[in-house]
Amino acid sequence: MTTEETHGAPQIGVLTSGGDAPGMNAAIRAVVRQSIYLGYRVRGIRRGFAGLFENRVVRLELSSVADIIKMGGTILHTARTPAMMTEEGLAQAVRALAEHQIAGLVVIGGDGSLRAAQALHERGVRVVGIPASIDNDIYGTDQAIGFDTAVNIVVEAMDRLRDTASAHERLFVVEVMGRESGAIALSAGLAGGAEAILIPEAPVDYEAIAERLHRSRARGKRHSLVVVAEGAGGAAPVADALRRLTGYEVRVTILGHLQRGGPPSAVDRILGGRLGTHAVRALAEGRSGIMVGMDAGRPVEVPLEQVAAGQRRPDLELARLAEVLAI
């Protein structure tokens, strides 16, 4: 169906909120194209929920999302908006959506964004959420948009650092994102062959790590990598502890926001497309107050109230597997 044929049709809004995640643009593209395919008009809200208060609402056409599937970040930009956690802010958002005649809203973001979506649903707004978080800490989905790309970025960095670590016979401590979740550290550490992985969800035994590093040196391996989630104490204190216990030369690398940027992986592009398409279909079929996630490779719908109340924890079996493989 062409854009002209959608004139006068109901409108679907889409916004990205919270931290950016590679693959958000793929989800936006899917929302726009599936909406137009079904006969809806589309409004993009710039700067997340803040854009509602600032009247930053723009029309999105098929051409608006051409070639964005390969882009990192979000073409709609994003912002954190404390006002969405207040009654006054929520009421203002509801009024703004009504003024722009937005009949259904797709919210792409992390747990805070999805809590705001649930609050809007409770106030009569038709809304569907899409999980996007490099931390992969959103309850109700096996994988959030952005996680796969972030893990691959960390693994590539570890591969590069291992070359230098080997050349200089050093121990490198690599800090990755994850204030409350060790998902990136676990997956990247396992894939990158780290000698140790430190995460917020598990206690740290520095002496056990030091002993493992000593055993590694005893069999002739003169370099090592230790991956630390930022919420597990940060790289500097870990480096100090291991330097004291081992006597090794230790270097620290903090990857920081490098993990968020760059083109999304194929996995995140496909995931964004699947979740964006399903979200629009759910709205078109009258469903609201849900998040579209993934379970065993298939899209599923999870009530936003469950998402808000739940907590996703990383699979600690990966930590045990990493310990075995690092002997």
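The values are calculated or read from the model by the stated rules, or taken from the named source; none is laboratory data. Worth saying up front: this structure is predicted, and the values here are computed from it rather than measured. Cβ placement follows ideal geometry from the backbone for every residue including glycine, while neighbour counts extend to all protein chains displayed.
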Inset, instruction - Test ALA308 against the stated conditions and say whether it is in a helix (DSSP H, G or I), under 27 Å from ALA157 (Cβ atoms) and small (Gly, Ala, Ser). - result: no
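Out of the residues in the range 101-129 meeting the condition of being among the hydrophobic types (A, V, I, L, M, F, W, C) and more than 11 Å from LEU304 (Cβ to Cβ), tell me which one is surrounded by the fewest Cβ atoms within 10 Å (Cβ to Cβ). Step through it out loud before you land on a result.
So in the range 101-129, the residues among the hydrophobic types (A, V, I, L, M, F, W, C) come out as 102-103, 105-108, 114, 116-117, 119-120, 125, 127-128.
Within this subset, residues satisfying the condition of being more than 11 Å from LEU304 (Cβ to Cβ) are 102-103, 105-106, 108, 125.
Working: ILE102: 23, ALA103: 16, LEU105: 26, VAL106: 30, ILE108: 33, VAL125: 22.
Of everything passing the filter in the range 101-129, ALA103 is surrounded by the fewest Cβ atoms within 10 Å (Cβ to Cβ).
Within the group ALA309, ALA282, ALA296, which residue is under 19 Å from TYR139 (Cβ atoms), over 17 Å from the mean Cα position of the chain (by Cα) and surrounded by 16 or more Cβ atoms within 10 Å (Cβ to Cβ)? First the steps, then the outcome.
Numbers: ALA309 fails: surrounded by 16 or more Cβ atoms within 10 Å (Cβ to Cβ); ALA296 fails: surrounded by 16 or more Cβ atoms within 10 Å (Cβ to Cβ).
Just a single option satisfies the conditions, and that option is ALA282.
Evaluate the following for ALA98: is it surrounded by 15 or more Cβ atoms within 10 Å (Cβ to Cβ), at pLDDT 95 or above and part of a helix (DSSP H, G or I)?
On the way: surrounded by 15 or more Cβ atoms within 10 Å (Cβ to Cβ): no; at pLDDT 95 or above: yes; part of a helix (DSSP H, G or I): yes.
The answer is no for ALA98.
Quick check on the range 252-267. Is at least one of its residues of a type outside the set (Val, Ile, Thr), assigned to a strand (DSSP E or B), surrounded by fewer than 19 Cβ atoms within 10 Å (Cβ to Cβ) and touching a Lys or Arg at 6+ places or on another chain (Cβ under 8 Å)? Break it down into steps so the answer makes sense when it comes.
Going through the range 252-267, the residues of a type outside the set (Val, Ile, Thr) turn out to be 255-266.
Checking which are assigned to a strand (DSSP E or B) leaves us with none.
Checking the range 252-267: not a single residue is of a type outside the set (Val, Ile, Thr), assigned to a strand (DSSP E or B), surrounded by fewer than 19 Cβ atoms within 10 Å (Cβ to Cβ) and touching a Lys or Arg at 6+ places or on another chain (Cβ under 8 Å).
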Legend entry - GLY73 vs. criteria buried (at least 16 other Cβ atoms within 10 Å of the Cβ) and either modelled with pLDDT of 95 or more or in a strand (DSSP E or B) (or both): yes
Legend entry - Matching residues in the range 53-70 - criterion: being farther than 16 Å from ALA9 by Cα, modelled with pLDDT of 95 or more and in a helix (DSSP H, G or I): SER63, SER64, VAL65, ILE68, ILE69, LYS70
Inset, instruction - Determine which single condition ILE12 fails, assuming it passes every other condition in (1) under 21 Å from ARG126 (Cβ atoms); (2) part of a helix (DSSP H, G or I). - result: (2)
Legend entry - Selection from the range 1-52 of residues that are surrounded by fewer than 18 Cβ atoms within 10 Å (Cβ to Cβ) and modelled with pLDDT under 95: MET1, THR2, THR3, GLU4, GLU5, HIS7, GLY8, ALA9, PRO10
Inset, instruction - Would you be able to say whether some residue in the range 145-164 is hydroxyl-bearing (Ser, Thr, Tyr) and assigned to a helix (DSSP H, G or I)? - result: yes
Legend entry - Matching residues, the range 225-245, being surrounded by 14 or more Cβ atoms within 10 Å (Cβ to Cβ) and either at pLDDT below 95 or basic (Lys, Arg) (or both): GLY233, GLY234, ARG243
Inset, instruction - Find all pairs meeting these conditions: Cβ atoms under 6 angstrom apart; at least six residues apart or on different chains; first residue within the range 30-47 and under 17 Å from GLU285 (Cα atoms); second residue of a type in the set (A, V, I, L, M, F, W, C) and assigned to a loop (DSSP other than H, G, I, E, B). - result: VAL32/LEU60; GLY39/MET1; GLY39/ALA9; TYR40/ALA9; ARG41/ALA9; VAL42/LEU60
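Conditions (1) touching a Gly at 6+ places or on another chain (Cβ under 6 Å); (2) modelled with pLDDT of 95 or more; (3) among the acidic types (Asp, Glu); (4) outside the structural domain of THR16 (by TED's automatic domain parsing), marked per residue:
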| site | (1), (2), (3), (4) |
| --- | --- |
| ARG123 | no, yes, no, no |
| ARG126 | yes, yes, no, no |
| ASP135 | yes, yes, yes, no |
| ILE138 | no, yes, no, no |
